[in-house]
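In what follows, a structure is listed as structure tokens, so that the remarks can point back to it.
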Amino acid sequence: MAVTKTLPKGWKLRNKQQYRDSFIERDYTRIAYSDGDRTIYINDIQEPNSFEGWRFLVRVQGTVNRQLGIAEDLSEAERIAREYMMQ
């Protein structure tokens, strides 16, 4: 799992976990950052109608609810989340 660098002021790491699904032998990642009013979630998804495989969904909930992006890897997903935090 990628190491989170210093977060922008007001944002805190609320949850970071990785768990294994032994049935399909796959690790899943869940990360949540919060500033009190909004929470950014990063989690594994399998893109619908796609043979591309697994990606990372980045979304925000709270005063604003929307998808921020779908990333190829965890580093890219954290970059998307950090860009939103800097706004």
**Rounded accessible area per residue of the chain, 1.4 Å, Å²** = 66
**Prompt:** Summing -39500 (n - 2.57) over the DSSP H runs of n ≥ 4 in the chain and dividing by its residue number, what mean residue ellipticity at 222 nm do you reach, to the nearest 500 deg cm²/dmol?
**Reply:** -4500 deg cm²/dmol
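Where in the chain is the longest stretch that carries no chymotrypsin sites (Phe, Trp or Tyr not before Pro) classed as loop by DSSP and with at most 14 other Cβ atoms within 10 Å? Don't skip to the end; give the middle numbers.
On the way: sites that count: F23, F51.
Here the longest segment lacking exposed loop sites spans 52-87.
Relative contact order for the chain: what is it in percent, counting Cα pairs under 8 Å that are at least 6 residues apart?
Numbers: 152 pairs, mean separation 18.3, N = 87.
Contact order relative to length: 21 percent.
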**Request:** Keeping every protein chain in place, order I24, I40 by accessible area at 1.4 Å, biggest value first, i.e. largest first.
**Result:** I24, I40
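Where the eigenvalues come from the Cα gyration tensor of the chain, what are the semi-axes √(5λ) of the equivalent ellipsoid, largest first, in whole Å? Each step should come with its number before you reach the end.
On the way: eigenvalues 105, 42, 26 Å².
Values for the chain, descending: 23, 15, 11 Å.
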**Complete:** Here, R14 and W54, labelled 7 Å along Cα→Cβ, have an inter-label distance in nm of 2.3
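Please give the contour-minus-distance gain from Q67 to R79: 0.36 nm per residue of separation, less the Cα-Cα distance, rounded to one decimal in nm.
Values: separation 12, 0.36 × 12 = 4.32 nm, distance 1.43 nm.
Between Q67 and R79, full extension yields an extra 2.9 nm.
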**Item:** Nearest 10 degrees, 0 to 90: helix 74-86 Cα axis against the chain principal axis
**Value:** 20
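If you add up the charges near Y41, with Lys and Arg at +1 and Asp and Glu at -1, over every other residue whose beta carbon is less than 10 angstrom from its beta carbon, what do you get?
On the way: positive: R14, R30, R59; negative: none.
Net charge around Y41: +3.
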**Accessible carbon and sulfur surface of the chain relative to its total accessible area, %, 1.4 Å** = 46
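The values are calculated or read from the model by the stated rules, or taken from the named source; none is laboratory data. These numbers were taken from a predicted model, which means no experiment stands behind them. For neighbour counting, all protein chains shown are included, and Cβ atoms are generated from backbone atoms with ideal geometry for every residue, glycine included. For the accessible areas, the whole protein counts, side chains as well, though only heavy atoms, and no ligand, DNA or RNA atoms are used. Shrake-Rupley method; radii C 1.70, N 1.55, O 1.52, S 1.80 Å.
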